[in-house]
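S.K.: Encoded as structure tokens, here's the structure I'll be asking about.
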Amino acid sequence: MMSIYSGFARAYDFLMKDVDYDKWVQIIETYFKKYNYNGKVIFELACGTGNITERLFKKGYNIIGTDISEEMLMIAQEKSYENHHMINFINQDMRDINYRKKVDAILSICDGINYITSSDDLKSVINGAHRILNENGLFIFDISSEFKLKNILSNNTFAEVFDDASYIWENFFDEETNILEFDLTIFLKSDDKINDEDFLYEKYTENHIQKAHSIKEIKTVLNDKFEILDIVDGDTGYKLMNDSQRILFVCKKI
């Protein structure tokens with residue numbers, strides 16, 4: 001999984017520039033408050049370049065960011081240094097969660113669970129989260145919904161061109177396996193010039209695979225490890241609809 005993020009890491013923040021991270025943090029805090037979260041340590045899975053991590057740290061949370069991609073973490077660490085934040089980032093596969101201490105909450109926001117494509121690996125994530133959580137600790141995670149992967153992304157191609165970057169995003173969905181495979185071609189403006197007006201661009205190509213997990217499947221895997229407190233629309237924090245594109249699960253260790 002790590003190799004798929006080599007070029008993506010450099011372009012990630014640019015491609016995600018329209019994402020409302022502040023809204024996501026607001027939703028997370030809404031459920032912290034609803035379920036009286038007063039813990040000390042948050043463990044974030046698949047933190048990427050640290051956009052959620054940084055915001056929660058600024059709000060006073062002791063948060064640890066983990067990701068399988070060294071390239072993503074390097075960018076996250078650079079942000080932390082620039083902001084004079086002392087955030088601990090760990091290079092770790094979420095299928096093999098390992099931390100020496102217990103934590104009070106675990107987060108995985110923005111598709112991390114979709115990249116877990118087998119039932120056994122999904123169980124490994126759930127078991128690992130359960131293992132390092134304190135009693136009654138919260139596990140909050142989201143997935144891109146079946147509706148989104150099947151009806152919006154499925155077999156469609158997206159492309160945008162900007163001055164500093166451009167991308168082509170080709171999607172292929174398998175109805176039998178509920179697997180979305182997408183090829184991403186990214187062009188990033190380099191520091192090299194052809195002349196005073198024309199720049200060179202670096203090309204990166206990557207292949208990503210995601211699973212359209214059903215709510216039933218997620219519930220089955222959580223089973224005797226976690227009590228599901230809420231299942232809501234992950235973009236709004238409100239009632240889940242048939243056409244919700246993101247689903248947020250709020251769970252408590254049992």
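S.K.: Please state the charge dipole magnitude for the chain, taken about the Cα centre, from unit charges on C-beta atoms (+1 on K and R, -1 on D and E), reported in debye and rounded to the nearest 20.
M.R.: On the way: 29 positive and 44 negative charges, 351 e Å.
Dipole of the chain, to the nearest 20 debye: 1680 debye.
S.K.: Next question, about the same structure. Among the DSSP beta bridges whose two residues both lie in the chain, what percent are antiparallel, rounded to the nearest 5? List each step's numbers first, then the result.
M.R.: Details: 41 of 57 bridges.
Antiparallel bridges: around 70 percent, rounded to the nearest 5.
S.K.: Here is a further query. Before anything else, pin down the relative contact order of the range 26-81: Cα pairs under 8 Å, at least 6 apart, normalised by residue count, whole percent.
M.R.: Details: 58 pairs, mean separation 19.7, N = 56.
Reported as a whole number, the value is 35 percent.
S.K.: Here's a follow-up. Test of understanding: what is the full-extension gain from residue 14 to residue 245, defined as 0.36 nm times their sequence separation minus their Cα-Cα distance? Let's see the in-between values first.
M.R.: Working: separation 231, 0.36 × 231 = 83.16 nm, distance 2.13 nm.
81.0 nm is the gain from fully extending residue 14 to residue 245.
S.K.: Can I ask one more? For the range 190-197, just list the computed ³J(HN,Hα) in residue order, Karplus coefficients 6.51, -1.76 and 1.60, θ = phi - 60°, integers in Hz, with x standing in for Gly and Pro.
M.R.: Ordered by residue, 3J(HN,Hα) equals 9, 7, 7, 10, 7, 8, 5, 10 Hz.
S.K.: Highest mean first, what order results for 79-86, 122-129, 166-173, 49-56 on Cβ atoms within 10 Å? Don't skip to the answer; put the middle values down first.
M.R.: On the way: 79-86: 11.9, 122-129: 19.8, 166-173: 17.0, 49-56: 23.1.
For the peptides 79-86, 122-129, 166-173, 49-56, the packing ranking is 49-56, 122-129, 166-173, 79-86.
S.K.: OK, next. Can you list residues from other chains, or at least 5 along the same chain, whose modelled amide H is less than 5 Å from the amide H of residue 136?
M.R.: The list, which skips near neighbours in sequence, is 253.
S.K.: Turning to a different aspect of this structure: Per the Kirkwood definition applied to all pairs of different Cα atoms, how many angstroms is the hydrodynamic radius of the range 138-223?
M.R.: 15.4
S.K.: Heavy atoms only, probe 1.4 angstrom, no DNA, RNA or ligands counted: give me 199, 226 ranked by accessible area, highest first.
M.R.: Values: 199 65, 226 5 Å².
Descending order: 199, 226.
S.K.: Using a simple spin-label model with points 7 Å from Cα along the Cα→Cβ vector, what separation in nm is obtained for residue 161 and residue 100?
M.R.: Label at residue 161, label at residue 100, 5.3 nm between them.
S.K.: Dividing the Cα convex hull volume of the chain by residue count, how many Å³ per residue is that? Numbers along the way, then the final one.
M.R.: Values: hull volume 32.1 nm³, N = 254.
Enclosed volume per residue, from the Cα hull, is 126 Å³.
S.K.: What order do you get for 134-143, 241-250 when each peptide is scored by the mean count of other beta carbon atoms within 10 Å, highest first?
M.R.: Working: 134-143: 21.3, 241-250: 17.9.
The packing order, highest mean first, is 134-143, 241-250.
The values are calculated or read from the model by the stated rules, or taken from the named source; none is laboratory data. Quick caveat: nothing in here was measured; it's all calculated off a predicted structure. Positions of Cβ are generated from backbone atoms using ideal geometry, with glycine treated the same way; all protein chains shown enter the neighbour counts. We work out accessible area using only protein heavy atoms, side chains counted, and drop any ligands, DNA or RNA first. Shrake-Rupley method; radii C 1.70, N 1.55, O 1.52, S 1.80 Å.
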